[in-house]
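Trainee: The structure that follows is given in the form of structure tokens.
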Amino acid sequence: MLSIVFSSVLGFLALSIGDHAEADRILRPLADRLDGLGWAEPAKFLVLPNAIEALVGLGDLAEARRLSRRLHAQARATRGRWARATARRSRGLILEAEGRLDLAIREFERALAIHSEMNNRFERARTLLVYGVALRRAKRKTPARAAIEEARDEFAGIGASLWSDRARREA
């Protein structure tokens, strides 16, 4: 299991620096390995949402949808807030990539509602960032700017400099 932990961290780091190909190379097989082991608690290794984001970044929406269905099933089964929030964010990323901005924005808003019930500033900021980007694409500039700036400030406040820089670039 230690190799799974290390691999998930390496995949997350690749995603954090924007290297979707490397993140996918690490995370997709890891997601399938966990599935093969019968692992059904997505909050333990934090692999699926990151793998989905990498796949969306690569434009592989069919594979992203496959993993998203798995994440949603696990979120329903475990009823965990982290799993539910990241499942909504993941679905929103796919919808946004498909150009279905209104539906994506609703998914991000649902994810943010779940985040408000938990104390995970980093994941909430990640959702705020993609929400702001979707709002901007939908030509809703003022709320987009507010969401992206809030994400940037939250990342900076918790010392997530790679993500704070990413949000600064989006702003």
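The values are calculated or read from the model by the stated rules, or taken from the named source; none is laboratory data. If you're wondering where the values come from, they're calculated on a predicted model, not measured in any experiment. Quick reminder, even Gly has a Cβ in these numbers, built from the backbone with ideal geometry, and neighbours come from all protein chains shown. For the accessible areas, the whole protein counts, side chains as well, though only heavy atoms, and no ligand, DNA or RNA atoms are used. Shrake-Rupley method; radii C 1.70, N 1.55, O 1.52, S 1.80 Å.
Trainee: Of the residues Phe108, Phe155, Phe122, which single one is under 16 Å from the mean Cα position of the chain (by Cα) and open to solvent by 10 Å² or more (accessible area, probe 1.4 Å)?
Mentor: Details: Phe108 fails: open to solvent by 10 Å² or more (accessible area, probe 1.4 Å); Phe155 fails: open to solvent by 10 Å² or more (accessible area, probe 1.4 Å).
The match here is Phe122.
Trainee: So which residues in the range 99-114 are part of a helix (DSSP H, G or I), over 15 Å from Glu150 (Cβ atoms) and among the small types (Gly, Ala, Ser)? Steps first, please.
Mentor: Step one: of the range 99-114, the residues part of a helix (DSSP H, G or I) are 101-114.
Within this subset, residues satisfying the condition of being over 15 Å from Glu150 (Cβ atoms) are 101-107, 110, 113-114.
Within the range 99-114, Ala104, Ala113 meet the criteria.
Trainee: A further question on this structure: Has the range 12-25 got any residue that is part of a loop (DSSP other than H, G, I, E, B), aliphatic (A, V, I, L, M) and within 15 Å of the chain's Cα centre (by Cα)? Talk me through it step by step, then tell me what you get.
Mentor: Going through the range 12-25, the residues part of a loop (DSSP other than H, G, I, E, B) turn out to be 17-19.
The next check asks that each one be aliphatic (A, V, I, L, M); those that pass are 17.
Checking the rest, the ones that are also within 15 Å of the chain's Cα centre (by Cα) come to 17.
Yes: one or more hits.
Trainee: Out of Val56, Val133, report the one residue that is under 24 Å from Trp39 (Cβ atoms), out of contact with any Phe, Trp or Tyr (no Cβ under 6 Å at 6 or more places or on another chain) and of a type in the set (Val, Ile, Thr).
Mentor: After ruling out the rest, the residue left standing is Val56.
Trainee: With part of a helix (DSSP H, G or I) and either open to solvent by 70 Å² or more (accessible area, probe 1.4 Å) or more than 19 Å from Ala160 (Cα to Cα) (or both) as the only criterion, which of Glu117, Glu96 stands out? Working first, answer last.
Mentor: Values: Glu117 fails: part of a helix (DSSP H, G or I).
None of the other options fit; the residue is Glu96.
Trainee: Shifting gears a bit: May I ask you to list pairs of residues, at least six apart or on different chains, whose Cβ atoms are under 8 Å apart, with the first in the range 106-123 being under 14 Å from Glu96 (Cα atoms) and the second being assigned to a helix (DSSP H, G or I) and open to solvent by 10 Å² or more (accessible area, probe 1.4 Å)?
Mentor: Glu107/Arg88; Glu107/Arg91; Glu107/Leu95; Phe108/Arg88; Phe108/Val130; Phe108/Tyr131; Glu109/Tyr131
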